[in-house]
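K.L.:
Dropping a structure here in structure tokens format, bear with me for questions.
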Amino acid sequence: MIFQSSIELLKFHNVAYTIYAVMIISIIAWFGYNLTRKEKVPSKIRIPFYGYIGFLVIGGVGHHIFTYNTIPWVEQDMKRAEIKADQSYKFEVKDHKWIGLPKLPIKVKCNQTIRFTINSKDLVYGFGLFRKDGTLAMQMQVNPGTDVNNILKTNDIIWTFRHNGMFDMTSTEYSGPAQYSEDGKDLMRVDNFLEVTGCSNGGAK
Amino acid sequence: MSFVNNLINGTNFDHKSLNALQKVTLRAVVMSFLFFGLVAIEGMIMKMVQTGPVNPLPKMFNHPEHYFSIMTVHPIVGIFGSTYQLVFAAFMFLVPFLTKKPLYSVKLANVVWILITVGTALAWIAAFVWQYAPLYTLYWPLPADTKQFKVIGGIVFIIGVALIMIGTLGFIYNIYATIFQRVGVHKNKTTKELLISGFGIDGMLNLFNKLRGKQPYTKEPALSLPVVAIFRGTVDTFLDAIVILTAGILVLVYLVFDASGHPLNVAAIDSLLYKNYFWWGLDLVADGLVLIYVAGSWYLLATLITGQKLFMENVARAALMLELLVSWMVWSHHLLADQNQPEMMKLISGEMVTAFELLTQGLALFITLVTLWKARPLKMTPPLAYLLGGLIGFGLAVPAAIIQADMGMNRILHNTQWIIMAHVHIALIVGLYMTLYSALYVLWPIVTNNTKMYSKKLTWIHYWLYLIGGVGMGAFGGMAGLDGMLRRHLYIHGEFNPLMVFAAICGSMVLIAWFIFLFNIVMSVGIKGLIGIFLPAEDKSASYGIEPETVAEEHKA
């Protein structure tokens, strides 16, 4: 099983966690009920202590092994320095404004891998791509560097687009109220930032 | 008794019968719950704004300066003004209660609650008057950004936070000074023995000796398990206070230079390095002292409610030590979306060590449940019900965070409502506060000299409203996070409705629950009693002597 897009992963996560939440609430409620019944309820299940510990360890570590093998962007992100992207875009952000954006929308063909490199000249920002329905496709933090030794931190991310769709972009990190107009409009939001075409498996994923 | 008479005089509460320790405990508890009300109102304002044009609030709450000022002080008031106060009050009472020794200094305990109250009020004023809004994360260089914020607002805010941290250091000193006092049962103990017990080394040695088939290192550890948890958690409280204090000094230096007309270069500080330092300290609250204090509180409540020994006590002692070590190495899970953060730190600290919190907290949950199970049948009293609510809270909140502390999941969940609602709010509102309510109801007769609660019915109404509201708000907020709703972003058009409407309804339940709780308490102690709590105690003694065993009798079915 490989998740082809973040939306698939979010749906899976939503179902899995909901089942877990219902389960843990039910177990504690059932426990509370049996704990307070007038007659002493016999133990029906015996959970071995060290078996339980093993289950927790496997659950904690196994979760990461599962995601490493099913979420394609994990390995890609860790090895991004060695990966040659199909297209690369570099721009800056300062005073809550994006500087040097490429011609928009960025046109991406299906399954192309894109590298975004962003420098902040003042504050900590974020960089996030959103589908038209508001769901988050991916994001990263955009940290400024120090100019004492003339080091400007580059924040880069690579992403492979596997579904058609138009994406909007905005800062995903709070950088002060100046990101918004007085009537609450997000001034850093760039509508129709990137468009993916050529996929045969539907759009906006 | 008439309503008015109850309101003025309470049930049978007599503040004159309270000793100095009881009074200082209740003072901090009163301030804590007043701040809880403030934080609940702030939270509701933000929730209402998120519901969009349907909300009846004046438009000024939609303004970014106003909205983010509230978001900045919301955690300061909630975590420090309310939670820290309540936890510190409980522990400054419990350590003397459990060790049968007097509190080192009641005067210092008074200084602690006053400093935290004044500090929280100053931070709140800075946001309210000058709209200083760098958020609690204080990501460098935002707190020193005088283009967006007024210098005076920043200075007042930082002084406020500094006072809270100085108060925290006072609490720490008082706790350790009490533990290391060689009086009473510890008259013949050496500092080394108390240290070994405090760090849980005796528990580890007992386990080690058992594996080798030898006699236990000690049959009766010098410190009881809840005191060990307090001892251990307070190490993290200290480290956290130092980090926040030093970060505050840094911000203050920049602001003062700016005010003097000689601004310093903010780019001289590396923001990623600062983030690592600040998150290391801040995370000692979330993943350190809270989890350790909570585990200790569960163990205490389970033993007080059942009147029996804790299941697998030596393992629990050793696990608390593991929890302390784990809490020092997990901060990188906050930096998984920072591309400059070294990958190995993300992998080891952010993912693998963080996953151990599932083990330590799962262990605490298991030990508490088995201890309760072995003592069945029990009566469903408010302390037991709230304890089970607390277990549900952490049972939901810890896995929600472990899921996100993963490089794959973090890419799509970082900074969304998932982490702040499904994890933080459920952990705090449901997990931590329900545990604290349980402790409050257990300790209520001891701290108030058997004052009768005005209404049991109101206690249960509070319980259900609070539990359903807390879980519901976290769940709907978490779902909005999965739909892409960011946590530090302004939404004023109801973009994530109907989820935000449902979350607001659940949030209202929490707020109403708080009103009911407060009403029940005021009607129990009366306005005269409430004022009397703040008057000097006639009995200056700093200890209290009811045997813990008497508490268990009330829970026997």
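Throughout, read-outs are computed from the coordinates displayed, never taken from laboratory work. No experiment lies behind these values; they were computed from the predicted model shown. We place every Cβ from the backbone using ideal geometry, glycine too, and count neighbours over all the protein chains shown.
K.L.:
Please average, across the residues of B:344-355, the number of beta carbons from any other chain that are within 10 Å of each residue's own beta carbon, and give a whole number.
P.N.:
Average neighbour count from other chains, rounded to a whole number: 2.
K.L.:
In whole Å, how far is the Cα centre of region B:180-228 from that of region A:23-55?
P.N.:
A separation of 31 Å, based on Cα centres.
K.L.:
In degrees, nearest 10, range 0 to 90: what is the angle between the Cα axis of helix A:49-70 and the longest Cα principal axis of chain A?
P.N.:
30
K.L.:
Here's a follow-up. Considering the alpha-carbon set of region A:59-101 alone, what are its Rg and its Dmax in angstrom?
P.N.:
For region A:59-101, the Cα radius of gyration and maximum Cα-Cα distance read 16.3, 45 Å.
K.L.:
Using R₀ = 30 Å, calculate the FRET efficiency as 1/(1 + (r/R₀)^6) where r is the Cβ-Cβ separation of B:Asn450 and B:Met380; round to 0.05. Spell out each step's value before the answer.
P.N.:
Values: r = 21 Å, r/R0 = 0.71.
Efficiency at R0 = 30 Å is approximately 0.90.
K.L.:
Every cysteine in the protein assembly as shown with no other Cys Cβ under 4.7 Å from its Cβ, please list them in numeric order.
P.N.:
Result for the protein assembly as shown is B:Cys506, no neighbouring Cys Cβ within the cutoff.
K.L.:
Convert 25 °C to kelvin, take the viscosity as 0.890 mPa s, use the Kirkwood radius over C-alpha pairs of region B:106-166 as Rh, and evaluate the Stokes-Einstein diffusion coefficient in µm²/s, rounded to a whole number.
P.N.:
207
K.L.:
If the only charges are +1 at each Lys and Arg Cβ and -1 at each Asp and Glu Cβ, what is the size of the charge dipole of chain B around the Cα centre, to the nearest 20 debye?
P.N.:
It works out to roughly 1420 debye.
K.L.:
Another question, then. Using packing as a proxy for protection, rank A:77-89, B:340-352 so that the peptide with the highest average count of other Cβ atoms within 10 Å comes first.
P.N.:
Ranking, from highest mean packing down: B:340-352, A:77-89.
K.L.:
Rounded to the nearest 500, what is chain B's calculated 222 nm mean residue ellipticity when only DSSP H runs of at least 4 contribute -39500 (n - 2.57) each, over all residues?
P.N.:
-21500 deg cm²/dmol
K.L.:
Only counting other Cβ atoms within 10 Å, I'd like B:Tyr293, A:Tyr17 sorted with the fewest neighbours first. Can you show the working numbers first?
P.N.:
Numbers: B:Tyr293 25, A:Tyr17 20.
By the 10 Å Cβ count, ascending, the order reads A:Tyr17, B:Tyr293.
K.L.:
May I ask you to derive the FRET efficiency for B:Thr190 and A:Lys11 from their Cβ-Cβ distance with R0 = 60 Å, giving the value to the nearest 0.05? Write down the numbers at each step before the final one.
P.N.:
Details: r = 60 Å, r/R0 = 1.00.
It comes to 0.50.
K.L.:
Between the alpha-carbon centers of region A:69-113 and region B:241-314, tell me the distance in whole angstrom.
P.N.:
Taking the Cα centre of each part, region A:69-113 and region B:241-314 sit 35 Å apart.
K.L.:
Would you mind computing, in nm to one decimal, how far apart the modelled labels at B:Ser2 and B:Lys107 are, each placed 7 Å from Cα along Cα→Cβ?
P.N.:
According to this spin-label approximation, the distance is 4.5 nm.
K.L.:
Please compute P(r) over all alpha-carbon pairs of the protein assembly as shown, binned at 10 Å starting from zero, and give each bin as a whole-number percent.
P.N.:
P(r) over the protein assembly as shown, rounded to whole percents: 3, 14, 24, 26, 19, 10, 4, 1, 0.
K.L.:
What percent of all Cα-Cα pairs in region A:84-197 falls in each 5 Å bin, counting up from 0?
P.N.:
2, 12, 21, 25, 19, 12, 6, 2, 0
K.L.:
Measure nothing but the geometry: give the 0 to 90° angle between the long axis through the Cα atoms of A:6-35 and the longest principal axis through the Cα atoms of chain A, rounded to 10°.
P.N.:
On a 0 to 90 degree scale, this one is about 30.
K.L.:
Turning to a different aspect of this structure: Sticking to Cα atoms, compute the Rg of region B:268-416 to one decimal and its Dmax as the biggest Cα-Cα distance, whole number, in Å.
P.N.:
My reading of the Cα-based Rg and Dmax gives 17.5, 63 Å.
K.L.:
Calculate how many DSSP beta bridges within the protein assembly as shown are antiparallel, expressed in % of all such bridges and rounded to the nearest 5.
P.N.:
On the way: 27 of 42 bridges.
Antiparallel bridges: around 65 percent, rounded to the nearest 5.
K.L.:
Follow-up question, since we're still on this one. What value, in deg cm²/dmol to 500, does the helix sum -39500 (n - 2.57) over DSSP H runs of n ≥ 4 give at 222 nm once divided by the residues of chain A?
P.N.:
Mean residue ellipticity, 222 nm, calculated: -10000 deg cm²/dmol.
K.L.:
Output the Cα-based Rg and Dmax of region B:1-143 in Å, rounding Rg to one decimal and Dmax to a whole number.
P.N.:
Over region B:1-143's Cα set, Rg and Dmax evaluate to 19.1, 59 Å.
K.L.:
On to the next question. Measure off 7 Å from each Cα along the Cα-to-Cβ vector at B:Phe180 and B:Lys214, then give the distance between these two points in nanometres to one decimal.
P.N.:
Between B:Phe180 and B:Lys214, the simple spin-label model gives 2.8 nm.
K.L.:
Still on this model: In peptide B:408-421, how many Cβ atoms from other protein chains are near each Cβ within 10 Å, on average?
P.N.:
Mean inter-chain Cβ contacts per residue within 10 Å come to 6.
K.L.:
With unit charges on the beta carbons (Lys and Arg positive, Asp and Glu negative) and the dipole taken about the Cα centre of the protein assembly as shown, which residue among B:Pro134, B:Gln404, B:Tyr67 sits farthest to the positive side?
P.N.:
Looking along the dipole axis, the top candidate is B:Gln404.
K.L.:
Along its principal axes, what span do the Cα atoms of chain B show, with the longest given first and each in whole Å?
P.N.:
Computed over the Cα atoms, the extents are 66, 60, 48 Å.
K.L.:
Determine the shielding of peptide A:112-125 by partner chains: average, over its residues, the number of Cβ atoms on other chains within 10 angstrom of each Cβ.
P.N.:
The per-residue average across the peptide is 2.
K.L.:
Mind checking Rg over Rh on region A:6-70, alpha carbons, Kirkwood formula for Rh? Numbers along the way, then the final one.
P.N.:
Numbers: Rg = 16.5 Å, Rh = 14.7 Å.
With Rh from the inverse mean 1/r over Cα pairs, Rg/Rh is 1.12.
K.L.:
Counting other Cβ atoms within 10 Å, keep those with at most 15, restrict to DSSP loop, and tell me which trypsin sites (Lys or Arg not before Pro) in region B:275-318 are left. Intermediate results must be reported in sequence, preceding the final value.
P.N.:
On the way: sites: B:Lys275, B:Lys309, B:Arg317; in loops: B:Lys309.
Taking region B:275-318 and a limit of 15 other Cβ atoms within 10 Å, the loop trypsin sites (Lys or Arg not before Pro) found are B:Lys309.
K.L.:
So if we plug the beta-carbon distance of A:Val22 and B:Phe519 into 1/(1 + (r/R0)^6) with R0 = 30 Å, what FRET efficiency do we get, rounded to 0.05?
P.N.:
Working: r = 33 Å, r/R0 = 1.10.
E(calc), rounded to 0.05, equals 0.35.
K.L.:
Report, largest value first, the span of the C-alpha coordinates of region A:74-123 along each principal axis, in whole Å.
P.N.:
33, 24, 14 Å, listed from the longest principal axis down.
K.L.:
Which order do the peptides B:403-415, A:48-60, B:17-29 come out in when sorted by mean C-beta neighbours inside 10 angstrom, highest first? Each step should come with its number before you reach the end.
P.N.:
Values: B:403-415: 24.6, A:48-60: 14.1, B:17-29: 22.7.
Order by mean packing, descending: B:403-415, B:17-29, A:48-60.
K.L.:
In a solvent-free Debye calculation with one equal scatterer on each Cα, what is log10 I(q)/I(0) for chain A at q = 0.09, 0.15, 0.16, 0.17 Å⁻¹, listed in the order of the q values?
P.N.:
Those come out to -0.52, -1.03, -1.12, -1.22, one per q.
K.L.:
Also, I was wondering about something else. Filter chain B for me: DSSP H helices, axial length by Cα at least 27 angstrom, mean Kyte-Doolittle hydropathy not below -1.0. List them by residue number.
P.N.:
B:20-50, B:106-130, B:151-179, B:225-259, B:354-374, B:382-404, B:456-482, B:499-533
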